[in-house]
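Since the structure comes first, as structure tokens, the remarks are kept for the end.
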Amino acid sequence: MEIPKSHPRYVSLLLRERIIEGWKEGIVADAGLLAHGRGEAFDYLIGEITQPFALHAMKVALHHMLNAKNSVISVNGNVCALCAGDIVKLARATNSKLEINLFYRTEARVQKIAEKLREAGAEKIFGVNPDARIPGLEHLRALCSRDGMYTADVVFVPLEDGDRVEALKKMGKFVIALDLNPLSRTARSADVTIVDNLVRAVPKMVEIVKSGEKLEIEGYDNGAILGAAKKKIWEVLSEH
Ligand code: ATP
């Protein structure tokens, strides 16, 4: 559907179209459409812009990714449908590996996501032929690559389920989450939580790395970041 640029919710509608397109292509799971809707609601509540608490968390996240021995970015259907090109650029800029990890894993979806990532410029993609399991998780989402997520010291998990973040934390990994919902278990379990829309945050992170800006991590408090996000939501609700 052609969306007129003048529409007041142009960007939001464009992203909706992108997600629906990804669903039609078999990249996004049925439940991915619902997860996107939840994200839209929280984006509305943070004002649909990158807030200072998100920018702060991005810089700390990047410091950890850039200083990791084995940094891995987890990719699911929604991430691939919304920002395949930018996630490939982020992996390149931070020397991170890309690994496909799906809650609703099917061989067909894995292949389609891998193909789209390759089209976007990815070379090596982990998680396609998994050879390890994340302990404590049942079913197919536990599957991972030994040289990727299994042995990673830093894992960036955009749009994640809380269980997997907790399981990765139990393995001793430093976990960076990107989630518009500051109340989710994912947001609360991660070491660093970027409360922002994926489509704004990922290109911004690439831009920060390229700028060569010095990244400070001193005194970072993820609880305070989540508190600032909740305060912002309260402010937005109070204004209207
Ligand atoms: P948890 O187990 O962590 O409590 P959940 O059950 O709330 O997670 P899901 O249903 O898996 O989580 O939903 C995925 C999360 O991704 C939601 O919290 C939603 O706000 C967030 N989300 C969806 N789309 C985006 C987006 N484009 N950018 C950032 N976050 C998003």
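Dipole of the chain, Cα-centred, from +1 at each Lys and Arg C-beta and -1 at each Asp and Glu C-beta, to the nearest 20 debye? Walk me through the numbers on the way to the answer.
Numbers: 33 positive and 32 negative charges, 53 e Å.
Here the size comes out at about 260 debye.
For every other residue with a beta carbon closer than 13 angstrom to the beta carbon of H7, add +1 if it is Lys or Arg and -1 if Asp or Glu, then tell me the sum. The partial results should precede the final answer.
Working: positive: K5, R9, R16; negative: E2, E17.
That sum, taken over residues with Cβ under 13 Å, equals +1.
Given points 7 Å out from each Cα along the Cα-Cβ axis, report the I3 to I20 separation in nanometres with one decimal.
1.0 nm
Using a 1.4 Å probe, how large is the accessible area of F174, given in Å² and rounded to the nearest 10?
50 Å²
Please report the net charge: other residues with Cβ closer than 12 Å to the Cβ of E48, K and R +1, D and E -1. Can you show the working numbers first?
Details: positive: R9, R200, K232; negative: E40, D43, D196.
Neighbour charge sum, excluding E48 itself: 0.
Sorting check: for 69-77, 141-149, which peptide has the highest mean count of neighbouring beta carbons within 10 Å, and how do the rest follow? It would help to have the intermediate numbers written out before the result.
Numbers: 69-77: 24.0, 141-149: 21.0.
Ranking, from highest mean packing down: 69-77, 141-149.
Given the chain, what whole percent of its Cα pairs are spread farther than 31 Å? Mind showing how you got there, number by number?
Details: 4870 of 28680 pairs.
So the pairs more than 31 Å apart make up 17 percent of the total in the chain.
Rounded to whole Å, give me the distance from the Cα center of the range 48-95 to that of the range 100-118.
With the range 48-95 and the range 100-118 each reduced to a Cα centre, they are spaced 19 Å.
Measure off, as a whole percent, the carbon and sulfur share of the 1.4 Å-probe accessible area of the range 47-107, all protein chains present.
On the way: 1190 of 2230 Å².
Summing carbon and sulfur atoms, their accessible area is 53 percent of the total for the range 47-107.
So, counting K/R as plus one and D/E as minus one, what does the shell of residues with Cβ under 15 Å around M149 add up to?
Details: positive: K69, K97, R105, K124, R133, R141, R146, R164, K169, K170, K173; negative: E99, D131, D147, D153, E160, D161, D163, E166.
Summing Lys/Arg as +1 and Asp/Glu as -1 gives +3.
Taking only the alpha-carbon positions of the range 158-240 and ignoring solvent, what does the Debye formula give for the base-10 log of I(q)/I(0) at q = 0.18, 0.19, 0.21, 0.23 Å⁻¹?
Scattering profile of the range 158-240, log10 relative to I(0): -0.87, -0.95, -1.08, -1.18.
Determine the calculated [θ] at 222 nm for the chain from helices alone, applying -39500 (n - 2.57) to every DSSP H run no shorter than 4 residues and normalising by the residue count; nearest 500 deg cm²/dmol. Present the calculation step by step, with values, prior to reporting the outcome.
Details: 9 runs with 123 residues, N = 240.
Calculated from helices alone, the mean residue ellipticity at 222 nm is -16500 deg cm²/dmol.
For the chain, what relative contact order do you get, as a whole percent, if you take Cα pairs closer than 8 Å and at least 6 residues apart? Kindly include the intermediate steps, with their values, before the conclusion.
Working: 407 pairs, mean separation 55.4, N = 240.
Contact order relative to length: 23 percent.
Among 118-124, 40-46, how do they line up by average Cβ neighbours within 10 Å per residue, starting with the highest? Please report the intermediate quantities before stating the final value.
Values: 118-124: 13.6, 40-46: 17.9.
Listed from highest to lowest mean packing, they are 40-46, 118-124.
Quick one: accessible area per residue over the chain, 1.4 Å probe, rounded to a whole number of Å²?
Details: 11710 Å² over 240 residues.
Using a 1.4 Å probe on heavy atoms only, each residue of the chain averages 49 Å².
Sequence gap of 8 or more, or different chains, plus Cα separation below 17 Å: how many lysine pairs satisfy both in the range 44-202?
Count of close lysine pairs: 12.
Rounded to the nearest 0.05, what FRET efficiency is calculated for R146 and E239 with R0 set to 45 Å and r the Cβ-Cβ distance? Please list the in-between numbers first.
On the way: r = 50 Å, r/R0 = 1.11.
Efficiency at R0 = 45 Å is approximately 0.35.
The values are calculated or read from the model by the stated rules, or taken from the named source; none is laboratory data. None of these values were measured; they are calculated from a predicted model. In this analysis, Cβ positions are derived from the backbone assuming ideal geometry, glycine residues included, and neighbour counts consider all displayed protein chains. Just so you know, the surface numbers come from the protein's heavy atoms only, side chains and all, with ligands and any DNA or RNA stripped out. Shrake-Rupley method; radii C 1.70, N 1.55, O 1.52, S 1.80 Å.
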